[in-house]
Each structure stands twice: as structure tokens, then as C-alpha cells.
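Heads up, the thing below is written out as C-alpha cells.
The values are calculated or read from the model by the stated rules, or taken from the named source; none is laboratory data. None of these values were measured; they are calculated from a predicted model. Reconstructed Cβ throughout: ideal geometry from the backbone, glycine too, with neighbour counts over all protein chains shown. With ligands, DNA and RNA removed, areas are computed over all heavy atoms of the protein, side chains included. Shrake-Rupley method; radii C 1.70, N 1.55, O 1.52, S 1.80 Å.
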Amino acid sequence: NAGVTQTPKFRVLKTGQSMTLLCAQDMNHEYMYWYRQDPGMGLRLIHYSVGEGTTAKGEVPDGYNVSRLKKQNFLLGLESAAPSQTSVYFCASTGASGGPGDTQYFGPGTRLTVL
Amino acid sequence: ILNVEQSPQSLHVQEGDSTNFTCSFPSSNFYALHWYRWETAKSPEALFVMTLNGDEKKKGRISATLNTKEGYSYLYIKGSQPEDSATYLCAYSGGSNYKLTFGKGTLLTVNP
């Protein structure tokens with residue numbers, strides 16, 4: 001099993017450009033999450049999904065959109081990138097039951113720089 | 001807004017020292033407390049999930065305790081080794097919420 005994978009690993013954008021980050025998991029997990037990690041800020045939840053076809057806002061959703069068309073994939077979109085979105089983005093998924101006591105499994109991260 | 005606080009922010013110890021860090025979290029609507037280990041340039045990896053007041057978990061030289069009534073958890077490392085150097089994150093889950101709220105982490109550096 002590959003676990004949680006993210007593509008791309010690195011990306012540089014210019015202000016105003018758009019892009020999509022892909023997260024894929026092969027563990028049949030119902031719940032998936034997108035976080036951003038900034039120095040001194042810890043992990044902050046952007047959006048999450050409790051199942052195929054559903055999404056919900058997290059702590060810092062502005063400027064991002066997400067889609068969960070297939071259970072195994074969770075896409076994070078930036079429609080018009082801004083320098084404030086320079087960050088490391090982590091995807092995570094959690095077990096089949098999806099309970100809050102379930103461990104979250106993290107992908108390797110995507111380092112995004114917006115110039 | 002849920003506040004999950006970790007202290008200290010960073011810690012330097014010598015190889016062989018034992019150390020501990022604190023995570024404080026809201027004591028109301030508690031469901032679970034998670035500890036993760038996060039090495040530089042890698043993904044966070046789960047250490048423990050604790051759900052019951054008084055829970056104690058142990059994995060090798062690392063152990064954790066939980067006090068849900070007063071809203072804190074301790075992580076202990078016995079006989080620290082350089083490979084223990086990492087950021088240790090705690091995360092709180094409340095009620096039926098499926099989201100985790102993370103603390104900012106404690107950065108541990110173990111000098112040989």
C-alpha cells in the first residue's frame with residue numbers, strides 16, 4: 001500500500017495563477033483533510049471531507065476550493081494564488097470508521113511558493 | 001476557537017536525558033487526544049491516541065498520560081537519543097467532531 005500520496009511535491013506559482021493539488025489514499029478511508037503548515041502556526045485545517053461527494057470548511061478555507069468526486073481522491077484548488085498562500089500543504093486521511101479517535105495518516109506534503 | 005497549547009516551544013537536551021512536554025486542551029466536550037511525531041522533511045506520524053481520563057500509553061522509551069478533567073496530557077521520553085529529535089505535536093478532538101485541532105508543537109533537539 002502506498003498510503004497517502006500527494007502530487008506535486010513542489011510548485012512555484014505567480015500571483016493570480018491557478019493550480020490543483022491532488023491527494024490520493026489507498027486505505028479505503030472515508031475521511032480526508034487538507035492542512036497548511038506555516039512557521040510558528042502549526043497545522044491548520046483548510047477543508048475536509050467526510051465521504052465521497054461531501055466537503056466542509058475548516059479553520060482557514062478562504063481562497064481554496066476542494067472536491068471529492070472519488071472516495072480515494074481529495075483535490076485542493078487555488079483559483080487565484082496569492083503570496084499569502086505560500087505554505088506547505090499536507091493531506092491526511094482517517095480510518096474506515098472515521099471516528100475522532102482514529103489516527104490520521106499524512107501524505108508527504110506539497111511545498112508551494114507564490115511569487 | 002479551540003486552543004491547544006504546547007509547552008515548551010522548543011527544548012534542547014543531552015543524549016541520555018529524560019524529558020517531558022505538556023499539551024493543554026479544552027476539558028469540555030473531550031473525545032480524544034492525539035500525539036504525533038514529526039521529523040523535518042517528513043510527514044507527521046502517529047504515536048498515541050488516548051480517549052479515557054487516566055489513560056497511559058507507552059511505546060518503547062516514549063509514554064504519555066492523559067487528564068481530561070483538567071485538560072492536559074504529558075509526553076515523556078526516557079533516555080533521549082539523537083534520533084528522537086523531532087517536533088512533537090498534540091491534537092485535540094471534541095465531541096462528535098471529526099476534526100483535529102493541533103497545537104504548535106514542541107521541537108526537541110537531542111545533542112549527542
TODO: May I ask which residue of A:Leu115, A:Thr86, A:Asn73 lies farthest towards the positive end of the charge dipole of segment A:49-115, with charges of +1 (Lys, Arg) and -1 (Asp, Glu) on Cβ and the Cα centre as origin?
DONE: A:Asn73
Open item on the list: Which one, B:Thr101, B:Thr19, B:Thr40, has the greatest fluctuation when you compute a Gaussian network model over chain B with C-alpha springs under 10 angstrom?
Closed with: B:Thr40
TODO: Would you calculate the separation in nanometres between label points at A:Leu115 and A:Asn65, each defined as 7 Å from the Cα along the Cα-to-beta-carbon direction?
DONE: 2.7 nm
- [ ] Shielding by partners for B:38-45, please: the mean number of other protein chain Cβ atoms within 10 Å of each residue's Cβ.
- [x] 4
- [ ] Report ³J(HN,Hα) in whole Hz for each residue of segment B:20-26, in order, from the Karplus equation J = 6.51 cos²θ - 1.76 cosθ + 1.60 where θ = phi - 60°; Gly and Pro get x.
- [x] 8, 10, 10, 10, 10, 8, x
- [ ] For chain B, with a Gaussian network of springs between Cα atoms less than 10 Å apart, report the residue from B:Gly60, B:Gly16, B:Gly94 with the top mean-square fluctuation.
- [x] B:Gly60
- [ ] Treating only the Cβ atoms of Lys and Arg (+1) and Asp and Glu (-1) as charged, compute the dipole magnitude of the protein assembly as shown about its Cα centre; round to the nearest 20 debye.
- [x] 400 debye
- [ ] Give the relative contact order (percent, whole number) for chain A; include only Cα pairs under 8 Å separated by 6+ residues.
- [x] 36 percent
TODO: Just tell me how shielded B:86-92 is by partners: mean number of partner chain Cβ atoms within 10 Å of each residue's Cβ, no decimals.
DONE: 1
Open item on the list: Accessible area per residue for segment B:43-112 in Å², computed with a 1.4 Å probe and the full protein assembly in place, what is it?
Closed with: 46 Å²
TODO: Pick out, from B:Ser80, B:Leu108, B:Ala64, the residue whose Cα sits farthest towards the positive end of the charge dipole of segment B:59-112, with +1 on the Cβ of Lys and Arg and -1 on the Cβ of Asp and Glu.
DONE: B:Ala64
Open item on the list: Quick check on segment B:1-60: take the gyration tensor over C-alpha atoms, sort the square-rooted eigenvalues as a ≥ b ≥ c, and tell me if it's rounded (a/c under 1.5), prolate or oblate.
Closed with: prolate
Open item on the list: Given a Förster distance of 35 Å, report the FRET efficiency between B:Lys58 and B:Gln9 from their Cβ-Cβ distance, rounded to the nearest 0.05.
Closed with: 0.90
TODO: Could you work out how far apart the two model spin labels at A:Ala82 and A:Thr20 are, taking each label as a point 7 Å from the Cα in the direction of the beta carbon, and quote it in nm?
DONE: 2.3 nm
- [ ] Using the Kirkwood radius over Cα pairs, work out the Stokes-Einstein diffusion coefficient for chain B at 10 °C and 1.306 mPa s, in µm²/s as a whole number.
- [x] 114 µm²/s
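How about segment A:50-115: which trypsin sites (Lys or Arg not before Pro) there are in a DSSP loop, with at most 13 other Cβ atoms within 10 Å of their Cβ?
Within segment A:50-115, the qualifying trypsin sites (Lys or Arg not before Pro) (loop, at most 13 other Cβ atoms within 10 Å) are A:Lys70.
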Task: Area hidden from solvent between A and B (accessible, protein heavy atoms only, 1.4 Å, total, Å²) - done: 1600 Å²
- [ ] Among the listed pairs B:Lys57/B:Lys99; A:Lys14/A:Lys71; A:Lys9/B:Lys99; A:Lys57/B:Lys104, give every one whose C-alpha distance is greater than 28 Å.
- [x] A:Lys14/A:Lys71
Open item on the list: Can you bin every Cα-Cα distance in chain A into 10 Å intervals starting at zero and give me the percent of pairs per bin, rounded to whole numbers?
Closed with: 15, 50, 29, 5, 0
Task: Percent carbon-and-sulfur accessible area, the protein assembly as shown, ignoring ligands, DNA and RNA, probe 1.4 Å - done: 48 percent
Task: chain B: relative contact order as a whole-number percent, Cα under 8 Å and 6+ apart - done: 37 percent
